[in-house]
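Quick notes on the structure that follows.
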Amino acid sequence: MRRAPSAQRRAPSAWRRVAAAGVALVAATSLAACAQSQREAGGGEGGTLTFGAAGAPDLFDPFYASDGETFRVTRQIMEGLVGFKPGTADVEPELAESWEHSPDGRTWTFRLRQGVKFHDGTDFNADAVCRNFTRMFTQTGAGQNNALSYYWIENFGGFADGATPSLYQSCEAPDPTTAVLHLTRATSKFPDILGLPSFSMQSPTAMDRYQANNVQAQGDSFVYPEYARAHPTGTGPFRFDSYDESNGTIKLVRNEQYWGEKAKLKELIFRIIPDETVRKQELEAGGIDGYDYPNAADLRALRDAGNNVQIRAPFNILYLGITQKNNPALRDLKVRQALAYAIDRETLVRANMPEGAVVATQFYPDTVDGYAPDVVRYPHDPARARQLLAEAGVPNLTLNFYWPTEVSRPYMPDPKGIYNAIAEDLREVGITVNPISKPWNGGYIDDVDNAKADIFLLGWTGDYNTPDNFIGTFFGTPTNRFYTAASPWGEDLAAQLRAADSEPDEARRTQMYQEINRRLLAEYLPAVPLAHSPPAIVTSPRVHGLQPSPLTAEEFQTVSISEQ
């Protein structure tokens, strides 16, 4: 992570469990290998690296984003008050050098790094911090739509209008180097949450000049302001240069006035190539220098050709989402259980996931606090599925099954193959499947987030190492993509999640999350957990210094590229 040589590490909060031992071990091994590779290769300064992105970003304002391809770009040009130690999920200082909290956990004081400027020359200081949080908190109109302010709503809750309670209360700047955030309750996710790309610090000057908040709803989609399309402005080691939509290329250039160690690359280009096979061909032809989510079947050949193939620790979940808003049958637990029994997850993982993937029994990996080893399991049992559908009175159920195109995700490397496998399982138990496929950023995410699907394929890579980041994000808002508000337990589940997140005693909090996980699988089943997958990232022999992240949050500041 970006930090000056003199950056002072602050011990992680006692309210937060450090990254799991398995993740830490993989990270330590990767760090050592990476350091050795850099010593041996001695990659030079300057040059241009072209990376094959798996999908197109919708915009470049991370506050309004929820997709990994937007964050892949904005992570290079923007920074948060905190970041994550390279190769781990451990929080560390970034634009804040240190922090402390009040005994009740509701007041957080951040000591800010001095001498930092945004790319447009605006000073980064406490006033800029407060103006960023005020901008987030005071969203109105389309800005409050869950499809736009997803991370704010799922993590902070409501806005300044008070229609929904908010975790955020206020921000004050007693002096230029001190920012104080006031919360309405204690939370296990502070300060880690502030490392999320959506809460990156952006230039108040640029946001005002290019009307960053002027997002407008247009039918089922949105029209973004000039700021989000062409003028994202942060403090990071790269600056935004241009986006050539016709050719699918995003160009970043080195920030020569960066406050810390400057990027080794002169230019960083993201080339959008949704098809994984085409990404592999482009790497082989020299058209790109690396890409994400290579097909598991290609890993040996990629290594044999001399490429660097790095496997991240699995810190994700693929699930079959269920929306209860539109189809009354899906509000019946027996129907949701029938879906779980219908899916042959063992075969799905074996045939469609990379080596090392495992069947998921709950909604986050066993390396996260609160994992319950004794949850109800749903083995593949078509007869049981048909029985449950009959008991629910819907033996001939029809479902709109959404799946995404033009994308590969770390938890979903082959959306079409995964869809086909699950759809066939569902047909076997008598369910009529109506397939609906849309491009990831061409309507799919908007439709899913607006609860238009009956069932859908989606997943999550952890942003930081707390249960709340997984199940709190998924089920903490009853009116989101799962629409658990349609069931009598939806609000109760959200209340249980808030109570667990607010519990300051770590042991008690872990017990609370274990009980929630048991009830999620036995009593609620708002979705069906499918798999945890270890995603790979590949670069050519010319590329040195890329540190894989279990959060799939790679940064290119330390990367260099050598001549052929």
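The values are calculated or read from the model by the stated rules, or taken from the named source; none is laboratory data. Remember, predicted model here, so these are calculated numbers, not experimental data. Here the Cβ is made from the backbone with ideal geometry for all residues, glycine too, and neighbour counts use every protein chain on show. With ligands, DNA and RNA removed, areas are computed over all heavy atoms of the protein, side chains included. Shrake-Rupley method; radii C 1.70, N 1.55, O 1.52, S 1.80 Å.
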### Query
Which loop trypsin sites (Lys or Arg not before Pro) in region 368-443, with loop taken from DSSP, have no more than 16 other Cβ atoms within 10 angstrom of their Cβ?
377
### Estimated 222 nm signal from helices in the chain, with DSSP H stretches of n ≥ 4 weighted -39500 (n - 2.57), rounded to 500
-8000 deg cm²/dmol
#### Entry: All Cα pairs of the chain, percent lying beyond 40 Å
21
### In sequence order, calculated HN-Hα J values of region 287-296 (Karplus, 6.51, -1.76, 1.60; Hz; x Gly/Pro)
x, 9, 9, x, 7, 10, 6, x, 4, 4
### Task
Mind running the shape call on region 474-564? Use the C-alpha gyration tensor, a ≥ b ≥ c as the square roots of the eigenvalues: rounded below 1.5 for a/c, prolate if a/b tops b/c, oblate otherwise.
prolate
#### Entry: Shape box of region 152-253 [Cα atoms, principal axes, largest first, Å]
47, 38, 26
### Task
Could you run the Karplus curve 6.51 cos²θ - 1.76 cosθ + 1.60 with θ = phi - 60° over region 83-98 and give me ³J(HN,Hα) per residue in whole Hz, x for Gly and Pro?
x, 10, 4, x, x, 9, 9, 7, 6, 8, x, 9, 7, 9, 7, 7
### Task
Taking a cut-off of 14 Å between Cα atoms, list the aspartates and glutamates near residue 85, but don't count ones fewer than 8 places away on the same chain.
94, 97, 192, 463, 554, 555
### Task
Give me the distance in nm between label points sitting 7 Å out from Cα along the Cα-to-Cβ direction at residue 427 and residue 351, one decimal.
1.2
### Query
Working out 0.36 nm times the residue gap between residue 244 and residue 164, then minus their Cα-Cα distance, what length gain in nm do you get to one decimal?
24.9 nm
### Shape call, region 347-415: gyration tensor on alpha carbons, a/c limit 1.5
oblate
## Note on the structure
In order over region 546-559: 3J(HN,Hα) from phi, Karplus 6.51/-1.76/1.60, θ = phi - 60°, whole Hz, x for each Gly or Pro, gives 7, 9, x, 10, x, 8, 6, 10, 5, 10, 9, 4, 8, 7
#### Entry: Estimated translational D of region 270-392 in µm²/s (Stokes, Kirkwood radius over Cα pairs; 37 °C; 0.692 mPa s)
184
### Summary
Which of 117/262; 189/416; 334/416; 117/264 exceed 24 Å between C-alpha atoms? The answer is 189/416; 334/416
### Query
How much area per residue is accessible in the chain when the probe is 1.4 Å and only protein heavy atoms are counted (Å²)?
36
### Task
Please give, to one decimal in nm, the separation of the simple spin-label points placed at residue 229 and residue 261, each 7 Å out from Cα toward the Cβ.
3.9
### Query
So how compact is region 363-472: Cα radius of gyration and Dmax in angstrom?
16.1, 42
### Task
Please list the equivalent ellipsoid semi-axes of region 61-207, computed as the square roots of five times the alpha-carbon gyration tensor eigenvalues, in descending order and whole angstrom.
20, 19, 16
### Query
Which of the lysines could a cross-linker bridge to residue 325, judged by Cα under 16 Å and excluding same-chain residues fewer than eight apart?
452
### Message
Test of understanding: given the chain, find the longest segment containing no GluC sites (Glu not before Pro) that are in a DSSP loop and have at most 13 other Cβ atoms within 10 Å.
### Response
356-562
### Query
P(r) of region 76-148 in 5 Å steps, Cα pairs, percent per bin?
3, 12, 17, 21, 20, 17, 9, 1
### Message
Taking every pair of distinct Cα atoms and averaging 1/r, then inverting, what Kirkwood hydrodynamic radius in Å comes out for region 49-112?
### Response
14.0
### Query
In a solvent-free Debye calculation with one equal scatterer on each Cα, what is log10 I(q)/I(0) for region 262-312 at q = 0.17, 0.29 Å⁻¹, listed in the order of the q values?
-0.56, -1.26
### Message
Taking R0 as 41 Å, what FRET efficiency do you get between residue 208 and residue 485 from their Cβ-Cβ distance, rounded to the nearest 0.05?
### Response
0.65
### Message
Once you compute Rg and the Kirkwood Rh from C-alpha atoms, what is the Rg to Rh ratio for region 289-354?
### Response
1.18
### Query
Taking the Cβ-Cβ separation of residue 284 and residue 98 as r and a Förster radius of 45 Å, what is the calculated FRET efficiency to the nearest 0.05?
0.45
### Query
When the accessible area of the chain is split by element with a 1.4 Å probe, what percent falls to carbon and sulfur?
46
